[in-house]
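Notes for the one structure printed next.
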Amino acid sequence: MGTKIHIFSGISKYFWIFTYFFVSLYPMKKEERYQRILAHFRKEMPNVNTELEFGSVFQLLVAVILSAQCTDKRINQVTPELFRHYPDARTMSKAEPEEVLEYIRSVSYPNAKAEHLVKMARALVEKHDGEVPSDMNLLLDLPGVGRKTANVIQSVAFGKSALAVDTHVYRVAHRLGLVSKRDNTPYKVEMALTKYIPEADIPDAHHWLLLHGRYVCTSRKPHCEKCELEPLCPKLLEGSKLE
C-alpha cells in the first residue's frame, strides 16, 4: 500500500512539473484569453453603463468632454448646476466661455474646456439644428471632440458598436494580455480589441475594462488579491500605462 502511495505521489509530482513547463512553452491562445475574460465580465457585469449623469445626448457630450483627465465623480458634482443654466446646445451657444467657466472651475483644464463647450454648442446650432449627430466624422468635426469622446457618444447615446479607449481601458487591455506591446496608441488598442471582441459585446466592453481599471486593476497598485481574473492574468505591468 505504501509503495502504491509513493508511486502515485511521484507521478503527481511529475505531472505538475510537466504542466508547468507545458503552460510556459504553450501559453494561452489569444482567442481563448478573450473568450474567458469576456465570459467573466458578462457574468459579473451584465448590466453596465457610464457612471456619468446626464439627461440628454447633448448633456452626455458635455459631460464626456469635461471628463477628460478628470474623474466622473467630480464631473457629476459640477454638471447639475451647469445643466440647470445650460440644458441644451441653444442655451449654451449664447453663452461666453467666461460664463461657462464659472460652473466648471473645479475640473481639470477648465479654461480650455469652457471654450471647447461653447464652440461645440455653437457648431451644433449652426450645422445640426442643435442636435448631436451620430456619425463619427460629424462628431469629430465638433470642437473639443476627439475619437474617444466620439466613440462614447456613438456607443452610449446611439447604441453603436464603438469602443472608446481611455487610460483605464488602455492599461487593463495591456495588463490582461489582450493587446501586444506594439499596440502603443489608443487607436491601435481600439483596433486590436475590436478585432477579437464580438460586435454585440463591444459597447459593454468599454465599460467592463474601464470599471475593472477604475476599481480593481488600478494604476499605481492593482488589487490582484481581489481580482477574479488573476489566474488568467499575465500581469504585464511594464508599459501598460498610457503616457
**Item:** Under Karplus coefficients 6.51, -1.76 and 1.60, residue-wise ³J(HN,Hα) of the range 197-213 in Hz, glycine/proline x
**Value:** 7, x, 3, 5, 8, 4, x, 7, 4, 4, 5, 4, 5, 4, 5, 5, x
**Asked** Carbon-plus-sulfur fraction of the accessible area of the chain, 1.4 Å probe, in percent?
**Response** 55
**Asked** Under a straight-distance cross-link criterion of Cα-Cα below 26 Å, which lysines are reachable from LYS94, leaving out those fewer than 8 residues away in the same chain?
**Response** LYS113, LYS119, LYS127
**Item:** Approximate spin-label separation ARG182-GLU228, in nm, with each point projected 7 Å along Cα-to-Cβ
**Value:** 3.4
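A 23 angstrom limit on the alpha carbon distance is what I want to check against. Which of LYS30/LYS235; LYS30/LYS148; LYS43/LYS181; LYS73/LYS221 exceed it? Present the calculation step by step, with values, prior to reporting the outcome.
Working: LYS30/LYS235 15 Å; LYS30/LYS148 25 Å; LYS43/LYS181 28 Å; LYS73/LYS221 20 Å.
Long pairs (Cα-Cα over 23 Å): LYS30/LYS148; LYS43/LYS181.
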**Prompt:** With labels modelled as points extended 7 Å from the Cα through the Cβ direction, what inter-label distance (nm, one decimal) is found for ARG220 paired with LYS43?
**Reply:** 3.3
**Item:** Signed unit charges on C-beta, dipole axis of the chain, positive-most listed residue ILE202, GLN154, THR50
**Value:** ILE202
**Asked** In the Gaussian network model of the chain, springs joining C-alpha atoms below 10 Å, which of ASP201, ASP166, ASP135 carries the largest mean-square fluctuation?
**Response** ASP135
**Item:** Label-point separation, GLU53 to LYS30 (7 Å along Cα→Cβ), nm
**Value:** 4.1
**Item:** Candidates per trypsin sites (Lys or Arg not before Pro) in the range 153-217, loop by DSSP, up to 11 other Cβ within 10 Å
**Value:** LYS181, ARG182
**Prompt:** Per residue, what accessible area does the chain have, given a 1.4 Å probe and all protein chains present, in Å²?
**Reply:** 58
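Around LYS43, what is the net charge, scoring Lys/Arg as +1 and Asp/Glu as -1 over all other residues with Cβ under 13 Å from its Cβ? Before the final figure, lay out the partial values.
Working: positive: ARG36, ARG42; negative: GLU44, ASP201, ASP204, GLU228.
That works out to -2.
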**DSSP-assigned coil residues among chymotrypsin sites (Phe, Trp or Tyr not before Pro) in the range 145-243, each with at most 12 further Cβ atoms within 10 Å** = none
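The values are calculated or read from the model by the stated rules, or taken from the named source; none is laboratory data. Remember, predicted model here, so these are calculated numbers, not experimental data. Quick reminder, even Gly has a Cβ in these numbers, built from the backbone with ideal geometry, and neighbours come from all protein chains shown. Calculation scope for accessible area: heavy atoms of the full protein, side chains included, ligands and nucleic acids excluded. Shrake-Rupley method; radii C 1.70, N 1.55, O 1.52, S 1.80 Å.
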